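The values are calculated or read from the model by the stated rules, or taken from the named source; none is laboratory data. Fair warning: this is a prediction, and the values are worked out from it, not measured in the lab. Cβ placement follows ideal geometry from the backbone for every residue including glycine, while neighbour counts extend to all protein chains displayed.
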Amino acid sequence: MLVVNLYSDHLLPPEPNHAVRPAEELWYATKVRAALYERAAKAVGLTPSEYREFRLALLDGKSVHVRLPRRIDVMSGAHAGRVYAVRNAIIRPTSDGWPTGLRVRLGDGTEVYVPDLCGNLSVNHPLRVAVLPAASHRPPRYTMALATTPLEQPVYVQAPEVPTTPTIAEAVPKSGSPLCGWWCFALPVGGALAGLVHGSPPQSAPPPSVPPCSAGSNAVFACAK
């Protein structure tokens, strides 16, 4: 921080007896010393439109006399015709008390100060609070991926079994079957022999009757479709 001495490097000659400068007098000084004050306004960061707003406020009665703040963001000064700016300036009290000056508050909140003692153009910028987006406190969402591999189930394709009609030979049980003994063959042989005795020609034995399958089967479990 730099301590500013308001008794030196001033833009306006000090008033005798530390008199208060009227706003009209300050406006007239900015007109007479236009080049000096325009360089000072640029040095403290005022745009041309802001400096024009400041000068109009002096004429419109929008300036007030106040005690200067202890700290000023940026204050102009002039030494040997050269204009400069001091940033973060600290003002000390004088022997007559705390320095006073004019204050003009611009439309954007910027405060322009002009000390009565030196007439140096000074600026305090408004405090700006940064608005941060509200942090989200939602709990994180976790997703579990489940394995969905299907179980392999082999499928076998097999043709349906078609029942076949047994022939007569297949329907006759084999020798020694309890369903039919030696008499099953004795009947046809005996009939043939009887024909020879009586002089009739031998005749073949008729095949056993095979009923249709819709009516069931015979004694030997045979039927015809």
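Among the residues of region 106-119, at least one is closer than 15 Å to residue 64 by Cα, over 43 Å from the mean Cα position of the chain (by Cα) and among the hydroxyl-bearing types (Ser, Thr, Tyr). Here the condition is being touching an Asp or Glu at 6+ places or on another chain (Cβ under 9 Å), under 20 Å from residue 11 (Cα atoms) and at pLDDT 90 or above; of 107, 101, it holds for 101 alone. Restricting attention to region 102-124, the residues that are touching a strand residue (DSSP E or B) at 6+ places or on another chain (Cβ under 7 Å) and touching a residue at least 60 places away in the same chain (Cβ under 8 Å) add up to 10. Just one of the numbered conditions (1) surrounded by fewer than 21 Cβ atoms within 10 Å (Cβ to Cβ); (2) modelled with pLDDT of 90 or more; (3) not basic (Lys, Arg) is not true of residue 140: (2). Go through the residues of region 112-122 one by one and say whether even a single one is farther than 22 Å from residue 47 by Cα, charged (D, E, K, R) and exposed (fewer than 13 other Cβ atoms within 10 Å of the Cβ). Scanning region 112-122 turns up no residue that is farther than 22 Å from residue 47 by Cα, charged (D, E, K, R) and exposed (fewer than 13 other Cβ atoms within 10 Å of the Cβ).
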